[in-house]
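Data first, discussion second: the structure below is written as structure tokens.
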Amino acid sequence: MREAAKARAVCVMGGSFNPPTLAHLRLMLAALEALDAEAGVFVPANRAYVERKMKRGKARETALPEALRLEMLRALCREDPRLSADGLEFGRGGGWRTFETMEALQEKYPQAALWFIAGGDKLDVIPRWHRSEDFLRRFHILAVDREGVSSEAALRENPVLAQNRDRFRIMTAPEGLAGVSSSRVRALLRRGDESAAELVHPAVWDLLLAEGCLAREITVFRGDFDFLSNFFEALVDFGGIRYGSAEAAFQAQKCRTEEERLTFRDLRPGQAKRAGRQTDLRQDWEQVKTALMAGIVEAKFRQNPYLARRLLETGNLEIVEKNTWGDTCWGVDARTGQGENRLGRILMEVREELRRERDAGEAGS
């Protein structure tokens, strides 16, 4: 091994940390042990990078603020004096790369050998890194093997990596990483599921709660909750007719005759809503529309089990359709806070009925 490797090791873990999880902590502690390192540094990426990464992954959400991610990492480090977090990538332009991060850290640890922690499944991209040859000449990489991943094979098969084999060490991933990820934490937080606390350090959990990251209600029927909207396209049989969405089924009920209702079968949700506005309303519409909506929404979820599962996954979150178009009957006007929220209440009633049936079935099995 080259001369620089004889210096005391410092482990470097970069990433989004959106938010940091127990997997990040366990991996860093395992790296310190594997290298007998004197320090471990977490380096969170800037917000622009994180948002680009999430967009590539088609995530319909935004990154946590830089200051919050750094604060959470520092809270994570507080119990171990070897650990620290550095926000040196914050405020950097698009030309700032991992090599520059390692250079900046080398100035802070001039006598140390810096080891960058990388997943074994990512090694093949290292030759394409910015200044990769300089990186491998000056720094080291700790490759982490997980189940089904062979860092050794990647190092052997790639000529550039093979030529620099002495710059790598391989470590088996520690236990306790499976099922622990930032994306899972975010998904649980969006659903208001407090089991997310099991995936993060208690100090990180306290910060997430203080920042209001744990959802208490669902107010927008888009993204993860698009299925709550009547515009979500799912087959619904109602009154002997099969419609392409709950919206089409509901608008059809405004009609006076079955012949008219049949014309809604193949309409897309938006088309059905427009057609419903032009329909000659049945005389008892105002008296029956809420009961009809309840029946259609119930049919939608009972006839589509995958939607029922998603509805149950919303737990006990309050469901309120806040809108900007002034609907105070089925939803709540987001500007005034006024509205009956009839659709939201119906959804919660259907959810409660499905939950009771599920629980009764589990108790009897």
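The values are calculated or read from the model by the stated rules, or taken from the named source; none is laboratory data. Keep in mind it's a predicted model, so treat the numbers as computed, not measured. Quick reminder, even Gly has a Cβ in these numbers, built from the backbone with ideal geometry, and neighbours come from all protein chains shown. Areas reflect the complete protein model, heavy atoms only, side chains present, ligands, DNA and RNA absent. Shrake-Rupley method; radii C 1.70, N 1.55, O 1.52, S 1.80 Å.
Some observations on this one:
- The trypsin sites (Lys or Arg not before Pro) of the stretch 132-206 meeting both criteria, a DSSP state outside H, G, I, E and B (loop) and at most 14 other C-beta atoms within 10 angstrom of the site's C-beta, are Arg146.
- With protein chains left intact and a 1.4 Å probe, residues in the stretch 74-210 average 52 Å² of accessible area per residue.
- The stretch 214-300 - percent of accessible surface contributed by carbon and sulfur, probe 1.4 Å: 45 percent
- With DNA, RNA and ligands ignored, accessible area of Arg261 (1.4 Å probe; Å², nearest 10): 50 Å²
- For the stretch 23-75 and the stretch 180-202, distance of Cα centres in Å: 15 Å
- Each Lys or Arg adds one and each Asp or Glu takes one away; over the other residues whose Cβ falls under 12 Å from the Cβ of Ser151, this sums to 0.
- Ligands, DNA and RNA are left out, and with a 1.4 angstrom probe the accessible area of the stretch 311-365 is 55 Å² per residue.
- Each Lys and Arg adds +1 at its Cβ and each Asp and Glu adds -1 at its Cβ; summed about the Cα centre, the stretch 1-140 shows a dipole of about 500 debye.
- Kirkwood-Stokes translational diffusion coefficient of the stretch 28-123, alpha-carbon pairs, 37 °C, 0.692 mPa s, µm²/s: 221 µm²/s
- Within the chain, no helix built from a complete DSSP H run reaches 30 Å or longer along its own axis (Cα positions) while carrying a mean Kyte-Doolittle hydropathy of 0.0 or higher.
- A DSSP coil position with no more than 10 other Cβ atoms inside 10 Å describes the following GluC sites (Glu not before Pro) in the stretch 120-181: Glu147, Glu175.
- Net charge dipole, the chain: roughly 960 debye, given to the nearest 20, about the Cα centre with Cβ charges of +1 for Lys and Arg and -1 for Asp and Glu.
- Summarising the label geometry, the points placed 7 Å from Cα in the beta-carbon direction at Ala203 and Tyr306 lie 4.3 nm from one another.
- Mean residue ellipticity, 222 nm, helices only, the chain: the sum of -39500 (n - 2.57) across DSSP H runs of n ≥ 4, divided by residue count and rounded to 500, is -12500 deg cm²/dmol.
- Matching label, P(r) over Cα pairs in 10 Å bins from 0, in percent computed from the structure shown, candidates (1) 5, 25, 35, 25, 8, 1, 0; (2) 5, 22, 31, 26, 13, 3, 0; (3) 5, 19, 24, 17, 14, 12, 7, 2, 0: (3)
- Chymotrypsin sites (Phe, Trp or Tyr not before Pro) lying in DSSP loop within the stretch 279-365, provided at most 12 other Cβ fall within 10 Å: Trp325
- On full extension, the segment bounded by Ala104 and Arg137 gains 10.3 nm, given 0.36 nm per residue less the C-alpha separation.
- For the chain, relative contact order (Cα pairs under 8 Å, six or more residues apart, normalised by length) works out to 13 percent.
- Extension gain for Arg265-Glu38 works out to 74.9 nm (0.36 nm per residue, less the C-alpha to C-alpha distance).
- In straight-distance terms, cross-link reach from Lys53 covers every one of the aspartates and glutamates whose alpha-carbon lies under 13 Å from its own, apart from those fewer than eight places away in the same chain; here that gives Glu61.
- Placing dummy labels 7 Å off each Cα toward the beta-carbon, the span from Gln111 to Glu349 is 7.4 nm.
- Shape category assigned to the stretch 246-365 from the gyration tensor of Cα positions, a/c cut at 1.5: oblate
- Under a 5 Å amide H cut-off, with hydrogens placed 1.01 Å from N, Ile218 pairs with Glu318, Ile319, Val320 among residues at least 5 apart or on other chains.
- Compactness of the stretch 296-365 was expressed as the Cα radius of gyration divided by 2.2 N^0.38 Å, which yields 1.28.
- Computed from the alpha carbon atoms alone, the convex hull of the stretch 193-324 holds 123 Å³ per residue.
- Protein accessible area in the stretch 62-117, 1.4 Å probe - carbon and sulfur %: 47 percent
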